[in-house]
1. What's the FRET efficiency of residue 62 with residue 235 using the Cβ-Cβ distance as r and R₀ = 22 Å, to the nearest 0.05?
2. So how much slack lies between residue 250 and residue 95, counting 0.36 nm per residue of separation and subtracting their Cα-Cα distance, in nm?
3. Report, in degrees rounded to the nearest 10, the 0 to 90 angle that the Cα long axis of helix 359-374 makes with the longest principal axis of the chain.
4. Using a simple spin-label model with points 7 Å from Cα along the Cα→Cβ vector, what separation in nm is obtained for residue 276 and residue 71?
5. Do you know the relative contact order of segment 214-339, to the nearest whole percent, from alpha carbon pairs under 8 angstrom that are 6+ apart?
6. For segment 125-271, with all protein chains present and a 1.4 Å probe, just round the carbon and sulfur fraction of the accessible area to a whole percent.
7. Provide 382, 234 ordered by accessible surface of protein heavy atoms (probe 1.4 Å), highest first.
8. If one takes the longest principal axis of the Cα atoms in the chain, at what angle in degrees, from 0 to 90 and to the nearest 10, does the Cα axis of helix 44-63 lie?
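The values are calculated or read from the model by the stated rules, or taken from the named source; none is laboratory data. What you see is a predicted model; the values in this text were computed from it and never measured. Reconstructed Cβ throughout: ideal geometry from the backbone, glycine too, with neighbour counts over all protein chains shown. Note: accessible area is taken over every heavy atom of the protein model, side chains too, but ligands, DNA and RNA are not part of it. Shrake-Rupley method; radii C 1.70, N 1.55, O 1.52, S 1.80 Å.
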Amino acid sequence: MRLSRYFLPVLKETPADAQIVSHRLMLRAGMIKQSSAGIYNWLPLGLKVLRKIEDIVHEEQAKAGHIPILMPTIQGADLWRESGRYDDYGDEMLRIKDRHDRDMLFGPTNEEAVTDIFRSYVNSYKALPLTLYQIQWKFRDERRPRFGVMRGREFLMKDGYNFDLTKEAALHAYNRHLVTYLRTYERMGLQAIPMQADGGPVGGDYTHEFLVLAETGESEVFYDSDVTDITLGDRDIDFDNVEQCEAVMNEFTTKYARTDETHDEAVFNEVPEERRRSARGIEVGQIFYFGTKYSDAMGAEVVNDEGQKVPVHMGSHGIGVSRLLGAIIEASHDDKGIIWPEGVTPFDCGIVNLKQGDEEADAACEGLYDALVAASLDPLYDDRKERAGGKFATMDLIGLPWRITVGPRGLKNGVVEVTSRKTGESIEMSPEDAIAKIIAIYKDV
Ligand code: 5CA
């Protein structure tokens, strides 16, 4: 993309009403524009990151054999009356009437809708295990929408639902989801710690929230500092292997890590004092096992291998897709702007032409641009007739991990400059080497 032809409405001023850094940077970098309280327009740069996050979520779900579907945002009230949640859900549910005076609602989550799909088609244990998921907009009429996309009213969620014959099989699905989520967050450059949590309106005895530690987080958390030392890395996972998924689950969840809702001072005090931590965190996902709560209420049954009808065991699993943009920025920024991890960056690298209109500089930039595009990379070329300082400031603000700077003086010596946004380190090299370096960086991302 050439910046002169792009739509990147960056703001010079820091928006006064944005309280946390991720919200400020998303507004300043021209990623989002508020439409009404807790509801946002996604501008090109923001949408690009949102799509990258969605892609990672889809890829990791596919590896575990989970199947994507898409359910509507607007739901009828009847299914929610069947489960008993129409009245229970309270003011967070946006209730709508259609022209026939029928009760509708903008879905805050989809347990009922997916259970209805399941019971309409599946009646034998042979179709199990089955996990269906979607990435779809949700609406929750939050009392205090704030912090931009972090606590929106309309927000994008990945929500997945497993259907299994037995509790054991459903707990395997729970563990499998835990593993897919760990990998998903790691690919976004995040450490998200699974913590024992409370079921809330979804319900369930087993539930973990995934928290990214950050001072601006809305949740208070308590943990054993050992939990921050574990990562999944590139371990090979066989998602059908029950023992392996359970072992990973145990490895990540045995040590003390709880949200304030489940925090137990007495148990916490058993952790050696030097490892006891209390901090704040951003909840970027939650997994639940709730057994037959919805299948009992809605008659989702299958015939087992002995010919008996039994309710299916279920769980649900959510990732805050739009919230993740805020969480990633909270975890990765400096006073100049965002620092995108390579896995989710809106453009792979920036090209800054220090002297637009200079024949040689223009030609060198075009050459770099074409070579990167030919290698299936996505560069952003700042081809505007602007001062160098302004171009650097924009690149730093929007946070592309790599920048290639091209100017007549360097070109005289046959070099351009490659700069890491994270370390600020610049290295001079030939344009060919610069291309090879950027290609190598993104080869495994
Ligand atoms: N039905 C279950 C799992 S699909 C469910 O709704 N879980 S949830 O309530 O925990 O939501 C899943 C994730 O959505 C949360 O972990 C959080 O990351 C994100 N989320 C929840 N509310 C909001 C909100 N108001 N704004 C942005 N993200 C949100």
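1. That pair, residue 62 with residue 235, gives E of 0.75.
2. 51.7 nm
3. Rounded to the nearest ten degrees, it is 30.
4. The answer from the label model is 4.2 nm.
5. 29 percent
6. Roughly 43 percent, rounded to a whole number.
7. 234, 382
8. 50 degrees
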